[in-house]
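The next block holds one structure in the form of structure tokens; read it before the comments.
The values are calculated or read from the model by the stated rules, or taken from the named source; none is laboratory data. All figures in this text were calculated on a predicted structure; none of them were measured in a lab. As a convention, Cβ positions derive from the backbone with ideal geometry for all residues, glycine included, and neighbour counts pool all protein chains shown.
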Amino acid sequence: MQEISQVYIDGRFVEPHGTELFDLHNPTTGEVFGRVRLGDVEDARAAIAAARRAFPAWSRSTKTERIALLHRLFEVMDARKDDLLDAIILEYGAPISRATWMAAHASNSFMEAARTLEKFDLTRQIGTAEVIMQPVGVVGLITPWNSNAGFICSKLAYALAAGCTAVIKPSEMSAAQTQVVLEALHEASAPPGLFNIVNGRGDVVGAEITANPSISKISFTGSTAVGKAILRGAAETLKRVTLELGGKSPTVILEDAEFAKAIPLALEAGFVNSGQACIAGSRILVPASRLDEAIAEIKTAIRKVKAGAPRDADTTIGPMVSQTQYQRVQRYIRLGIEAGVTVVAGGEGHPDGLGGYFVKPTIFANVTNDMTIAREEIFGPVLCVLTYEDEAEAIAIANDTPYGLQAYVISSNPDRASAVANQIDAGRVVINGAPHDPAVPFGGFKQSGIGREYGVFGLQAYLEPKAILGSKRS
């Protein structure tokens, strides 16, 4: 039984004031493998105070000093990526291919932030004024369970690059990953208080971070409902807020696409991270005239989609993170069936031979965009196939959603794909399966969030421009 009984405040592992114990489950089996002791409001306040004490010195650090620390943080995280991989598989159940990427993404985030800072001008001359990009202050970073370690590292990397200090509230469901990250980051010997991490509940530790006047900015990744609550709470002290929230991403397969290639790409986008991804392409749009062909290709492609043991190299779909999430996905599958859609693959229950929190990879056809399964974020391996008559209708359906995080366009004509991509309201549009670029801004339109992360835009989110007129340099 793994026992995680400390939080990290002011450069030290300390026993929290909070006493609540939270069970950690292996989603592959459903069994409890450990417990974490959760921090409370007092712990959150202690962490905020430590970050506030550390801020004056770090905010005046040079670009060279910040880059050097980011390099050290990369090195210590990279040295523990195998341990992090094990924790991700144990605690989250990600397939080995995905878990490997997730572990590398955590460490690589520090190098990406260092590269961005290196090329970024923290001071510039504009007209008669010297404009200084000043760190916003102490920041609160709140991370989700579907990529906990990666979000801790990526948010922290850009906050430190900007000269901010941080208080991090990771998902309590991801405490094993958090522990590996903490142990690694501690080895970098950063000045005390630069980053502080408190395991705890969102309505306790997260609420204190949101309300505390010493926090100048919040960066949150999670559900739209919680994001709205944070935005309301942060308004009281006019905190700066970056929110990366939900999605109901469309994958638009244009009429000229070669379906033998397009359908596997669409399933890959839809089932990414076992469907537990805000960027998942969960609405697949195909020409009505080619629906039968699309279904035939889906039935062929789904044979290569395997739910199974995370360490099996052939596994592409892992379990849901919890029993609650499993039940949520089952409810949506029932709603789809009750709506009279065509079940192309999957359905209710566990896949054959699997227990735990595994869900059958499910694909519905003859879905219309007004159905609940096409409107709400399911956050599991459940995809909807919708049809359109022409390109204009495809774009209209793609945009007919309260979300706008990511979208996908597949076509044999790159120029046509780009023209369609330009008309879709989403923070990112991926053409023909283009790979992730860590320097490109990430965030959403509409109810998918506010602000951007990664690269120059991610760095600027932690900075405030200050204009000095009449200085000797002006």
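Here is a check on your reading of the model: is Val241 on the phi < 0 side of the Ramachandran plot, surrounded by 19 or more Cβ atoms within 10 Å (Cβ to Cβ), part of a strand (DSSP E or B) and assigned by TED's automatic domain parsing to the domain that holds Val343?
It is false that Val241 is on the phi < 0 side of the Ramachandran plot, surrounded by 19 or more Cβ atoms within 10 Å (Cβ to Cβ), part of a strand (DSSP E or B) and assigned by TED's automatic domain parsing to the domain that holds Val343.
Can we say Ala234 is crowded, with 21+ Cβ neighbours inside 10 Å and not in a loop (DSSP other than H, G, I, E, B)?
Judged against the criteria, Ala234 is a match.
Could you tell me which numbered condition Leu70 fails, if it satisfies all but one of (1) crowded, with 20+ Cβ neighbours inside 10 Å; (2) of a type outside the set (D, E, K, R); (3) touching a helix residue (DSSP H, G or I) at 6+ places or on another chain (Cβ under 8 Å); (4) closer than 22 Å to Ser171 by Cβ?
For Leu70, the exception is condition (4).
Can you tell which of Gly346, Gly336, Gly340 is exposed (fewer than 14 other Cβ atoms within 10 Å of the Cβ), more than 23 Å from the chain's Cα centre (by Cα) and assigned by TED's automatic domain parsing to the domain that holds Ile378?
Just one listed residue meets the conditions, Gly340.
Which residue is surrounded by the fewest Cβ atoms within 10 Å (Cβ to Cβ), if the candidates are limited to the stretch 1-19 and must be part of a loop (DSSP other than H, G, I, E, B) and touching a residue at least 24 places away in the same chain (Cβ under 8 Å)?
Met1
Has the stretch 332-353 got any residue that is among the aromatic types (Phe, Trp, Tyr), closer than 20 Å to Pro95 by Cα and at pLDDT 95 or above?
No: the stretch 332-353 contains no residue that is among the aromatic types (Phe, Trp, Tyr), closer than 20 Å to Pro95 by Cα and at pLDDT 95 or above.
How many residues, within the stretch 1-42, are under 25 Å from the mean Cα position of the chain (by Cα) and among the acidic types (Asp, Glu)?
Of the residues in that region, 2 qualify.
Here's the yes/no breakdown for (1) surrounded by 17 or more Cβ atoms within 10 Å (Cβ to Cβ); (2) free of Cβ contacts under 8 Å to residues at least 12 places away in the same chain; (3) in a helix (DSSP H, G or I); (4) not charged (D, E, K, R):
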{"residue": "Asn273", "(1), (2), (3), (4)": "yes, no, yes, yes"}
{"residue": "Ala280", "(1), (2), (3), (4)": "yes, no, no, yes"}
{"residue": "Ser289", "(1), (2), (3), (4)": "no, no, yes, yes"}
{"residue": "Glu293", "(1), (2), (3), (4)": "no, no, yes, no"}
{"residue": "Ala296", "(1), (2), (3), (4)": "no, yes, yes, yes"}
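Identify, from the list Pro402, Pro381, the residue that is buried (at least 19 other Cβ atoms within 10 Å of the Cβ) and of a type outside the set (A, V, I, L, M).
That would be Pro381, the only listed residue that is buried (at least 19 other Cβ atoms within 10 Å of the Cβ) and of a type outside the set (A, V, I, L, M).
Can you tell me which condition Asp86 does not meet? The list is (1) over 30 Å from Gln325 (Cβ atoms); (2) surrounded by fewer than 18 Cβ atoms within 10 Å (Cβ to Cβ); (3) not hydroxyl-bearing (Ser, Thr, Tyr), and all the others hold.
(1)
How many of the residues making up the stretch 128-155 are surrounded by 24 or more Cβ atoms within 10 Å (Cβ to Cβ) and either touching an Asp or Glu at 6+ places or on another chain (Cβ under 8 Å) or closer than 17 Å to Gly458 by Cβ (or both)?
So the answer is 13.
So, of the residues in the stretch 156-185 that are under 17 Å from Ala103 (Cβ atoms) and out of contact with any helix residue (DSSP H, G or I) (no Cβ under 7 Å at 6 or more places or on another chain), which turns out to be surrounded by the most Cβ atoms within 10 Å (Cβ to Cβ)?
Restricting to residues being under 17 Å from Ala103 (Cβ atoms) and out of contact with any helix residue (DSSP H, G or I) (no Cβ under 7 Å at 6 or more places or on another chain), the top hit is Leu156.
Return the only residue of Ala280, Ala309, Ala288 being assigned by TED's automatic domain parsing to the domain that holds Pro361 and farther than 30 Å from Asp23 by Cα.
Ala288
Thr100: in contact with a helix residue (DSSP H, G or I) (Cβ under 7 Å, 6 or more places away or on another chain), surrounded by 16 or more Cβ atoms within 10 Å (Cβ to Cβ) and under 30 Å from Lys306 (Cα atoms), yes or no?
yes
When you go through (1) in a strand (DSSP E or B); (2) more than 26 Å from the chain's Cα centre (by Cα) one by one for Thr251, which number turns out not to apply?
Here Thr251 clears every test but (2).
Can you name the residue in the stretch 428-474 that is hydroxyl-bearing (Ser, Thr, Tyr) and at pLDDT below 95 and is also surrounded by the fewest Cβ atoms within 10 Å (Cβ to Cβ) among such residues?
Ser471
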